[in-house]
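Heads up: the structure comes next, in structure tokens.
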RNA sequence: CGGGGUGUAGCGCAGUCUGGUAGCGCAUCAGCUUUGGGAGCUGAGAGUCGCGGGUUCAAAUCCCGCCGCCCCGACCA
């Protein structure tokens with residue numbers, strides 16, 4: 001082997017500079033770019049198609065659990081936001097506010113806002129309050145419940161620091177808002193939707209997650225309980241990938257969602273809300289992406305297969321293209337995940353190797369090269385995105401077409417298995433504070449290397465202990481995992497008795 | 001919003017210290033040659049050097065102010 005390292009499509013590599021790698025993959029895979037507006041992004045067709053597939057799959061799951069879609073206004077009267085005290089406190093600092101409704105030419109010819117609004121409008125950071133006000137009108141009787149509504153929308157949160165997909169000023173999401181007759185029903189809904197998210201992450205994103213509950217410090221403003229799914233990225237930091245909130249009667253009280261119950265009494269409804277956002281795209285990138293770019297899980301990939309004709313000479317050209325067209329048609333007639341296989345035929349007149357690398361960077365699951373030799377032997381030359389770029393194999397064309405669904409499913413499963421193994425390798429049980437510090441302290445403080453992971457450690461339940469590790473090590477409690485057996489122990493910070501382990505990690 | 005870094009062609013960068021009218025690689029376009037793995041040769045196009053002001057005969061370069069982006073911190077999906 002020569003001293004020269006094998007060239008990677010992305011520089012720097014993950015190990016060299018993870019945040020820079022992340023940005024370069026977004027560029028190289030043509031997912032998105034920054035915009036003239038600070039903190040806002042342009043989602044490009046290849047990235048948006050991924051979002052559309054996420055949306056379609058989740059939307060189906062929401063309908064299967066009895067929900068319907070609706071749409072509520074982008075603008076929320078300021079007074080609505082003021083109704084729930086904790087909610088105000090949580091969001092006030094990051095609200096964009098509309099104060100005028102007209103532009104007029106100023107003395108220097110420039111446009112200036114005019115027509116000041118009587119009441120400023122807040123661009124929704126989330127829609128609990130305006131949906132609550134609407135539900136208050138819709139709900140009179142227990143017969144009007146439950147209300148099970150979702151909306152796909154954009155929201156704005158004026159964040160200090162933004163990162164493409166992970167935290168942008170404007171982002172796309174879905175927010176489910178439900179109202180129920182009983183506490184139990186609302187609680188069940190909260191847990192049901194958390195499970196929908198967990199299943200979606202596992203089955204579609206091929207991203208293992210831990211479902212659990214947030215500590216009081218990390219709760220959604222105004223919620224009684226907040227549940228979440230937490231994933232581990234390849235820099236071993238945690239990414240909150242979805243949340244489901246049990247809101248109790250807090251927002252019903254704020255918005256006066258009152259119904260007459262079966263006993264004829266007036267009662268506040270029990271509500272929930274739950275959401276996932278375009279952040280999931282960042283999650284997919286950081287779960288599966290490698291030093292050659294994006295890796296799309298087949299079930300969500302904008303396209304499954306790209307056919308790359310090898311056009312060696314003009315005399316071959318027509319025959320090769322015809323063979324490729326037939327192959328594309330045969331693949332499109334095949335099914336994967338209950339729908340036709342999505343196929344690209346890249347007949348652009350460019351160097352074959354260059355085109356191939358472009359598709360590798362975009363993360364398409366399967367590449368198929370077809371040249372005169374393949375046609376002569378009635379075969380195709382196949383490359384999988386979950387394998388090394390040069391690790392390819394020839395296969396009989398009919399077998400390849402017949403097996404395309406199984407191949408895509410195999411890639412989907414291998415991505416999950418790899419991510420799951422990575423998470424397992426970087427999840428450790430920790431007992432004492434010395435080990436805890438060692439786990440979360442980088443060896444090189446000047447330019448921290450990838451370090452840490454998920455620490456499963458005991459916690460007494462006290463906010464002081466939680467805050468102390470956050471202040472000292474920038475480590476937060478990601479969640480109290482659901483469905484784990486109780487295990488008594490001693491709090492990693494203070495040594496007090498603890499009923500169970502929780503997940504500590506650095507987080508996005 | 002505090003500390004650090006950075007901003008020069010679509011992308012990655014040199015040039016800045018020591019002021020002299022902008023360069024390299026990749027990409028793009030044209031032509032020819034190539035073609036089973038990120039092609040070669042020749043030629044071409046493309047930059048208000050982040051923005052604004054100042055010093056100077058002359059500013060990418062020096063000075064002042066502002067802005068964007070990245071990292072760390074506070075905050076968060």
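The values are calculated or read from the model by the stated rules, or taken from the named source; none is laboratory data. All of these numbers come straight from a predicted model, not from anything done at the bench. Quick reminder, even Gly has a Cβ in these numbers, built from the backbone with ideal geometry, and neighbours come from all protein chains shown.
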Response to the item:
Of the residues in the stretch A:441-460, those that are within 25 Å of the chain's Cα centre (by Cα) and not in a loop (DSSP other than H, G, I, E, B) number 3
Worksheet item: Can you name every residue in the stretch A:117-153 that is assigned to a strand (DSSP E or B) and modelled with pLDDT under 95?
Response: A:117, A:118, A:119, A:120, A:121, A:122, A:123
Worksheet, complete the sentence: Per the filter on the stretch A:401-419, residues touching a strand residue (DSSP E or B) at 6+ places or on another chain (Cβ under 6 Å) and surrounded by fewer than 22 Cβ atoms within 10 Å (Cβ to Cβ) are A:405
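Out of curiosity, is residue A:165 in a loop (DSSP other than H, G, I, E, B), under 30 Å from residue A:411 (Cα atoms), in contact (Cβ under 8 Å) with a residue 60 or more places away in the chain and within 13 Å of RNA strand B (Cβ to nearest atom)?
Numbers: in a loop (DSSP other than H, G, I, E, B): yes; under 30 Å from residue A:411 (Cα atoms): yes; in contact (Cβ under 8 Å) with a residue 60 or more places away in the chain: yes; within 13 Å of RNA strand B (Cβ to nearest atom): yes.
Here the answer is yes, as residue A:165 does meet what is asked.
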Item to complete: Report the residue count in the stretch A:366-380 for those that are farther than 21 Å from residue A:315 by Cα and either out of contact with any strand residue (DSSP E or B) (no Cβ under 6 Å at 6 or more places or on another chain) or near RNA strand B (Cβ under 7 Å from one of its atoms) (or both).
Response: 1
Fill in: Any hit, the stretch A:461-476, residues being away from RNA strand B (no atom under 16 Å from the Cβ), outside any helix (DSSP H, G or I) and surrounded by 16 or more Cβ atoms within 10 Å (Cβ to Cβ)
yes
Worksheet item: All but one of (1) closer than 29 Å to residue A:226 by Cα; (2) within 16 Å of RNA strand B (Cβ to nearest atom) hold for residue A:494; which doesn't?
Response: (2)
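Just wondering, is there one or more residues in the stretch A:389-396 that are without any contact (Cβ under 8 Å) to a residue 40 or more places away in the chain, part of a helix (DSSP H, G or I) and out of contact with any strand residue (DSSP E or B) (no Cβ under 6 Å at 6 or more places or on another chain)? Before the answer, list the steps.
Just the residues of the stretch A:389-396 that are without any contact (Cβ under 8 Å) to a residue 40 or more places away in the chain, to begin with: A:390-396.
Then drop every residue that is not part of a helix (DSSP H, G or I), which leaves none.
Within the stretch A:389-396 (the criterion being without any contact (Cβ under 8 Å) to a residue 40 or more places away in the chain, part of a helix (DSSP H, G or I) and out of contact with any strand residue (DSSP E or B) (no Cβ under 6 Å at 6 or more places or on another chain)), the answer is no, since none of the residues qualifies.
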Worksheet entry | Residue in the stretch A:345-365 that is part of a strand (DSSP E or B), away from RNA strand B (no atom under 13 Å from the Cβ) and surrounded by fewer than 18 Cβ atoms within 10 Å (Cβ to Cβ) present | no
Worksheet item: Does the stretch A:165-192 hold any residues that are within 15 Å of the chain's Cα centre (by Cα) and either buried (at least 24 other Cβ atoms within 10 Å of the Cβ) or within 15 Å of residue A:248 (Cα to Cα) (or both), and which are they?
Response: A:165, A:168
Worksheet item: Can you pull out the strands (runs of 3 or more DSSP E) entirely within the stretch A:215-306 that have at least 1 residues that are within 25 Å of residue A:167 (Cα to Cα)?
Response: A:225-232, A:238-246, A:270-277
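Would you confirm whether or not the stretch A:328-336 contains a residue that is in contact with a helix residue (DSSP H, G or I) (Cβ under 8 Å, 6 or more places away or on another chain), farther than 21 Å from residue A:285 by Cα and modelled with pLDDT under 90?
Keep residues of the stretch A:328-336 that are in contact with a helix residue (DSSP H, G or I) (Cβ under 8 Å, 6 or more places away or on another chain), which gives A:330-331, A:334-336.
Next, only the ones that are farther than 21 Å from residue A:285 by Cα stay: A:330-331, A:334-336.
So of that shortlist, the ones also modelled with pLDDT under 90 come out as none.
Within the stretch A:328-336, none of the residues are in contact with a helix residue (DSSP H, G or I) (Cβ under 8 Å, 6 or more places away or on another chain), farther than 21 Å from residue A:285 by Cα and modelled with pLDDT under 90.
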Worksheet item: Residues of the stretch A:139-157 being crowded, with 17+ Cβ neighbours inside 10 Å and within 14 Å of RNA strand B (Cβ to nearest atom), which ones?
Response: A:153, A:155, A:156, A:157
Worksheet entry | Any chance residue A:218 is within 30 Å of residue A:263 (Cβ to Cβ) and surrounded by fewer than 23 Cβ atoms within 10 Å (Cβ to Cβ) | no
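Filter the helices (runs of 4 or more DSSP H) completely within the stretch A:1-98 down to those with at least 3 residues that are surrounded by 13 or more Cβ atoms within 10 Å (Cβ to Cβ) and within 12 Å of RNA strand B (Cβ to nearest atom). Before the answer, list the steps.
Working: elements: A:18-28, A:45-64, A:78-81, A:85-91.
Passing ranges, in order: A:18-28, A:85-91.
Which residue is farthest from residue A:53 (Cα to Cα), if the candidates are limited to the stretch A:310-344 and must be in a loop (DSSP other than H, G, I, E, B) and touching a strand residue (DSSP E or B) at 6+ places or on another chain (Cβ under 8 Å)? Spell out how you get there, then give the answer.
Within the stretch A:310-344, the first condition is being in a loop (DSSP other than H, G, I, E, B), and the residues that meet it are A:310-313, A:334, A:337-338, A:341-342.
Next cut, touching a strand residue (DSSP E or B) at 6+ places or on another chain (Cβ under 8 Å) only: A:310, A:334, A:341-342.
Numbers: A:310: 30, A:334: 19, A:341: 13, A:342: 12 Å.
It comes out as A:310.
Could you identify the single residue in A:246, A:268 that is crowded, with 24+ Cβ neighbours inside 10 Å, in contact with a strand residue (DSSP E or B) (Cβ under 9 Å, 6 or more places away or on another chain) and at pLDDT 95 or above? Show your work before the answer.
Numbers: A:268 fails: crowded, with 24+ Cβ neighbours inside 10 Å.
Of A:246, A:268, the one residue that is crowded, with 24+ Cβ neighbours inside 10 Å, in contact with a strand residue (DSSP E or B) (Cβ under 9 Å, 6 or more places away or on another chain) and at pLDDT 95 or above is A:246.
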Fill in: Unmet requirement for residue A:160, which otherwise passes all of (1) farther than 27 Å from residue A:135 by Cβ; (2) more than 17 Å from the chain's Cα centre (by Cα); (3) away from RNA strand B (no atom under 14 Å from the Cβ)
(3)
Fill in: Test result for residue A:485, more than 16 Å from RNA strand B (Cβ to nearest atom), part of a helix (DSSP H, G or I) and exposed (fewer than 14 other Cβ atoms within 10 Å of the Cβ)
no
